[in-house]
Amino acid sequence: MKNYITVVGLEVHAELKTKTKAFCSCSTEFGAKPNTHVCPVCLGMPGALPVMNKKVVEFAIRAGLALNCEIKNFNKFDRKNYFYPDLSKNYQISQFDKPICEHGHIDIRVGDQKKTIGITRIHMEEDAGKLVHSGTTISTSDSSAVDYNRAGVPLIEIVSEPDMRGAAEARAYLEQLKAILEYTDVCDCKMQEGSLRCDANISIMPEGAKEFGTRAEIKNLNSFRALERAIDYEVARQMEILEDNGHVVQETRTWDDANGVTLSMRSKEEAHDYRYFPEPDLVPINLDNAWIEEIRQGMPELPAARLERLLKLGLPEESAILIVNTKEMADYFDEGTKHTKDVKGFANWMLGDVSAYLNTENLTIKDFKVTPDHLAELVELINKGTLSSKLAKKVFAEMLKGNEAPQALVKKLGLEQVSDEGAIAKIVDEVLAKNPQSVADFKAGKGKAIGFLVGQVMKASHGKANPGIVNKMLKDKMQ
Amino acid sequence: MALYDYTVHELHEQLKSKKISSVELTKAVYDRIAQVDDQVKAYLTLDKEAALAQAAKVDAKIAAGEEIKPLAGVPGAIKDNISMKGVRLTCASKILENFTAIYDAHVIEKLRQDETVFLGKTNMDEFAMGSTTETSYFQMTHNPWDLSRVPGGSSGGSAAAIASGEAIWALGSDTGGSIRQPASFNGCVGIKPTYGRVSRYGCVAFASSLDQVGPITRDVTDAALVLNTICGLDAHDSTSQPVEVPDFTKALRQDVKGLRIGIPKEFYGEGTDPKVKLQLEAAMAKYKELGAEIVEVSLPHTEYAVITYYIIAPAEASANLARFDGVRYGYRHKEAASAPEMTTLSRTEGFGPEVKRRIMLGTYVLSSGYYDAYYKKAMQVRTLIRRDFEEVFKKVDVLLTPTSPVPAYKLDAKMDPLTVYMLDVTTIPVNMAGLPGISIPCGFADGMPVGMQLIGKPLDEETVLRAAYTFEQATEFHKAVAPLGGKK
Amino acid sequence: MKVTDKDVKYIAGLSRLVIPETEMEKFTEQFNQILNYADILQKIDTKGIEPTANVLPLSNVLREDVPVEGVSHEVALENAPAEHDGGFKVPRVIE
């Protein structure tokens, strides 16, 4: 079997977080009852006309700048013509030959390797409505019902160069792209809810070949995991075809997550002829450089800049990368470290106990009940010596229930670490008296025996004795 | 004279002076409709209850001594491709036979603000595609000057209603001549404003870069009054021009001294009926008499205008009419196995042959492999046509042409599509360049009205109106009444 | 012949239309007549001429991102041929 190189390009659609739709003033609020955020324009009523939302342009520019693109001064719109029930005019207003951004890139990391992935273009377009099928899937349904609440919601389509060479790089690109978009605050990037959608163009070529192979487009990738699995499956599928001396067909396939395969979506019809032509109901948009500069100046701090800042604070690279990975984590960290100087300690709690909890409960830090200031307080209590790390975990568990302030909880539960030497001495003496064998063992040179004795003191003090003091005192008393 | 024979400005005076009431006037027009519309067939929908209610409101206002606008209480007709909330909107098509509009077009909102009375919706060519009103799914409209002849199109119903006394003023729409040509066939005034003067929001789109809404009236003064109301920037229409609307009635002066009137030779070509030419020559003589200067000019790309239009307009229309798919509204073929089949059958059964022809022509010229040769080429030729006008307007102030090369011809003349298309040669270039154009009566040919067209520079309706008004006041053509018209 | 009836059928499909068999010949003939006439455009030299997408001297018509009430649910569905659970009902979407 030959060696093949995997070539992947990603097309990502991001819903922009504007208050109103791209071409009408209907609300974009998610979750409303069907067909309640609609008007003659987004319903495609006879005589209705589109009017461009300024915020959409602003957000597209912001995304383009964050992705290192050239922002094009001259912009126009085009009609992309095809029939489908969720498309209320049976054409989509999009940008064909003059997209708003071109020639960008982002830097990704896979393990230790750094790589730059090119971004071909970004353009603005409108979303279609939603189809609710009567059956479980589109092919097993007798009928569908169309909800146009989503019709007209603004999207940007981000097309990458075919620079990725496998599932890991593709995942890294998508993760970094998602992080950057979250940081620019133009999209809430919820893949499960569909505000961030990804299609993958996958092909393989024999090592040493000069031209790319025929690619297949894979749709319905709803998570990072799905993306990786789909790429691996598709590559294997294509390899088998080529090894059998067959040809890969250029087509659109859908990812069937339940069965772990890609399936052909080819219908009897020919490939779509979209018959693009300039949208006569809209006039061109000429972006002046002053406005683009203004947007550039007002950009929120992007992941790369944040990472640097966290490294300067002294965080180890691994921790910093993990924290900066999502804007929510990074914001939580920034908020929390306003209340404690121990950035490393705070980061460790976030990446340790907090992350473990979130993973188990399948939550993100956005839904995390414990506020950053309270977590910071916990860290401070440990550092001050008021709370042992072991008991801190107990307090943390309590905080998960209702975000009670740790200070108050410590008092309530009576968990304050005891550092009073007098009180400790009393318990130490008792333990030494009750455990003569261990004392003898220690004196005979079995250093480990002290561990048992420390344990006994901790038990007798309900974990509250300051372990450092206990250890020293035991040693002193057994001289 | 019957009440329905008067103009808007005359009736406004009569209403103000309480000589007549709006209810009386509105009833008189409805009586007239009942009397003649089974012969003319100008109307598709009548809205009598709402009209009389509105008329009563205006009467109450007048009784209370309040000021009223010129169109207040004066009943008019609206072409059935303009959206009026709660009223059936058909575009003369089976596919919208039972469709009720859910919002007011911008022009309707403005007319409501001026408290006018709406009589109903008038017949037209299906989706404005045609020059005779014969492609209407519902009925043929007959020319009140000779019931065996066409009223022109696509605003045939509105123009016929003015000629037969079935409306005092009317709105039409014009994409390649659909206001001006029917106005000329019916002996009335019709003006297509500069592109972007009047909002298209609520006017069902045929060809977006060419469509404009405009008035069809008895005289130039009435046209100016309607323009005053309907013109203006609309935030709902991105192609609506952010320019001030002057008081167009101030342009109505009898003064053409020194006005340079261009005669573009390409508009007087071989296909022009000699009797039409005769009327135009008489008009030129009249203008000379009144002090204007007649200048021979040339618009060299005129011969390409018709085919360019019949590439661009169908292309835009093919996309504009894609929304009629039986999903959200309109005719739906009920027993279909799938949505694609449902859409195909609904459109096949719902659209007439001319609409289908133009949709397919449009799809073809935009399709892969043909876009450059047809659509892109046509867009480039459009630029050349515009440049022709720009050049000519450096030398003259307005252009004078026949509105149509021929007067109204017989119904059901069975001409092949291309022959019919070629008759739009005099009106199409005006839409291609987005210029203002008016048609006013200038004579007769074998008893049928002949219209002359004045074309102006962009946004220069004022010069066009002045030139038209001067000619009108110096002649009596606008006073002629169709044989089907009432007594004088 | 610019187009055959096979081409006409293909274009009809793209437009979601069907031309009945009985009318195909006449339709194709009329279609060809128009397209043949369109050849006169090839005579014109349009090298370097900008296509006119719009006659207006306008650009940058933009609106502020402020929500405005649209139409009510009832009005939106007023003309719906079929309805289900608040949505516009259509037969199966895939053939």
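The values are calculated or read from the model by the stated rules, or taken from the named source; none is laboratory data. Remember, it's a predicted structure, so these values are computed and weren't measured experimentally. Note that we place each Cβ from the backbone using ideal geometry, even for glycine, and neighbour counts take in every protein chain shown.
Which of the residues spanning the stretch A:112-136 are within 14 Å of chain C (Cβ to nearest Cβ), in contact with a Lys or Arg (Cβ under 6 Å, 6 or more places away or on another chain) and outside any strand (DSSP E or B)?
A:GLY129
When the stretch B:339-366 is filtered for residues that are more than 7 Å from chain C (Cβ to nearest Cβ), closer than 30 Å to B:VAL430 by Cα and surrounded by 22 or more Cβ atoms within 10 Å (Cβ to Cβ), the ones remaining, listed by number, are B:PHE351, B:VAL355, B:ARG358, B:GLY362, B:VAL365, B:LEU366.
Of all residues in the stretch A:10-50, those satisfying the criterion of being at the interface with chain C (Cβ under 10 Å from one of its Cβ atoms), of a type in the set (Val, Ile, Thr) and within 25 Å of the chain's Cα centre (by Cα) are A:THR18, A:THR20, A:THR28. Within the stretch B:368-382, the set of residues being within 8 Å of chain C (Cβ to nearest Cβ), buried (at least 20 other Cβ atoms within 10 Å of the Cβ) and not hydrophobic (A, V, I, L, M, F, W, C) comprises B:TYR374, B:LYS377, B:GLN380, B:ARG382. Looking only at the stretch A:153-170, decide whether some residue is in contact with a strand residue (DSSP E or B) (Cβ under 6 Å, 6 or more places away or on another chain), more than 22 Å from A:LYS115 (Cβ to Cβ) and not aliphatic (A, V, I, L, M). So far as the stretch A:153-170 goes, yes, one or more of its residues are in contact with a strand residue (DSSP E or B) (Cβ under 6 Å, 6 or more places away or on another chain), more than 22 Å from A:LYS115 (Cβ to Cβ) and not aliphatic (A, V, I, L, M). Would you say C:SER15 is modelled with pLDDT of 95 or more, under 25 Å from B:GLY434 (Cβ atoms) and not aromatic (Phe, Trp, Tyr)? Considered against the rule, which asks whether it is modelled with pLDDT of 95 or more, under 25 Å from B:GLY434 (Cβ atoms) and not aromatic (Phe, Trp, Tyr), C:SER15 comes out as no. In the stretch A:252-280, the residues that are more than 8 Å from every other protein chain (Cβ to nearest Cβ) reach residues that are surrounded by 14 or more Cβ atoms within 10 Å (Cβ to Cβ) and at pLDDT below 85 with C-beta atoms within less than 8 angstrom, at least six apart or across chains, in these pairs: A:THR252/A:MET265; A:ARG253/A:MET265; A:THR254/A:MET265. Here is the figure for the stretch B:324-338: residues that are within 24 Å of A:LYS80 (Cβ to Cβ) and either surrounded by fewer than 23 Cβ atoms within 10 Å (Cβ to Cβ) or small (Gly, Ala, Ser) (or both) total 3. Of all residues in the stretch B:393-410, none satisfies being surrounded by fewer than 23 Cβ atoms within 10 Å (Cβ to Cβ), within 14 Å of chain C (Cβ to nearest Cβ), among the charged types (D, E, K, R) and on the phi < 0 side of the Ramachandran plot. I'd like the full set of residues that are away from every other protein chain (no Cβ under 14 Å), free of Cβ contacts under 8 Å to residues at least 24 places away in the same chain and surrounded by 24 or more Cβ atoms within 10 Å (Cβ to Cβ), limited to the stretch B:218-249. Passing the criteria: none in range. Scanning the stretch B:284-336 for residues that are part of a helix (DSSP H, G or I) and of a type in the set (A, V, I, L, M, F, W, C) yields a total of 13.
A residue that is farther than 24 Å from A:LEU65 by Cα and assigned to a helix (DSSP H, G or I) occurs somewhere in the stretch A:323-332. Does A:VAL146 count as of a type outside the set (D, E, K, R) and in a loop (DSSP other than H, G, I, E, B)? Spelling it out, it is not the case that A:VAL146 is of a type outside the set (D, E, K, R) and in a loop (DSSP other than H, G, I, E, B).
Annotation note: of B:VAL464, B:VAL450, the sole residue that is assigned to a helix (DSSP H, G or I), aliphatic (A, V, I, L, M) and at pLDDT 95 or above is B:VAL464. Residues in the stretch C:68-79 that are charged (D, E, K, R) and over 26 Å from the mean Cα position of the chain (by Cα): C:GLU69, C:GLU74. Scanning the stretch A:439-479 for residues that are farther than 18 Å from A:ALA425 by Cβ and acidic (Asp, Glu) yields a single hit, A:ASP441. Being among the β-branched types (Val, Ile, Thr) and buried (at least 24 other Cβ atoms within 10 Å of the Cβ) holds for only one residue in B:ILE82, B:ILE68, and it is B:ILE82.
The set of residues from the stretch C:45-77 being at the interface with chain A (Cβ under 7 Å from one of its Cβ atoms), surrounded by 14 or more Cβ atoms within 10 Å (Cβ to Cβ), aliphatic (A, V, I, L, M) and assigned to a loop (DSSP other than H, G, I, E, B) comprises C:ALA53, C:LEU56, C:LEU58, C:VAL61, C:LEU77.
Candidates B:PRO458, B:PRO483: the one that is at pLDDT below 95 and either among the small types (Gly, Ala, Ser) or part of a loop (DSSP other than H, G, I, E, B) (or both) is B:PRO483.
If you filter the stretch C:14-44 down to residues that are buried (at least 19 other Cβ atoms within 10 Å of the Cβ) and in contact (Cβ under 8 Å) with a residue 24 or more places away in the chain, you find that the one that is farthest from the other protein chains (Cβ to nearest Cβ) is C:THR28.
One residue alone among B:GLY258, B:GLY172 is small (Gly, Ala, Ser) and either in a loop (DSSP other than H, G, I, E, B) or surrounded by fewer than 24 Cβ atoms within 10 Å (Cβ to Cβ) (or both), and that residue is B:GLY258. For the residues A:GLY152, A:GLY118, A:GLY129, the requirement of being touching a His at 6+ places or on another chain (Cβ under 6 Å) and closer than 28 Å to A:TYR276 by Cα singles out A:GLY118. The residue that is nearest to the chain's Cα centre (by Cα), among those in the stretch B:390-417 that are part of a loop (DSSP other than H, G, I, E, B) and charged (D, E, K, R), is B:ASP412. The residues of the stretch C:78-95 that are facing another protein chain (nearest Cβ under 7 Å) and acidic (Asp, Glu), listed by number, are C:GLU78, C:ASP85, C:GLU95.
Cβ separations smaller than 7 Å between residues 6+ apart or across chains give the following pairs from the stretch A:420-443 residues that are loosely packed, with under 12 Cβ neighbours inside 10 Å to residues that are not in a helix (DSSP H, G or I): A:LYS443/A:MET478. Across the stretch C:80-95, the number of residues qualifying as modelled with pLDDT under 95, within 22 Å of the chain's Cα centre (by Cα) and surrounded by 19 or more Cβ atoms within 10 Å (Cβ to Cβ) comes to 1.
The listed residues are C:LEU62, C:LEU58, and the only one of them that is more than 30 Å from A:ASN149 (Cβ to Cβ) and out of contact with any Phe, Trp or Tyr (no Cβ under 7 Å at 6 or more places or on another chain) turns out to be C:LEU58.
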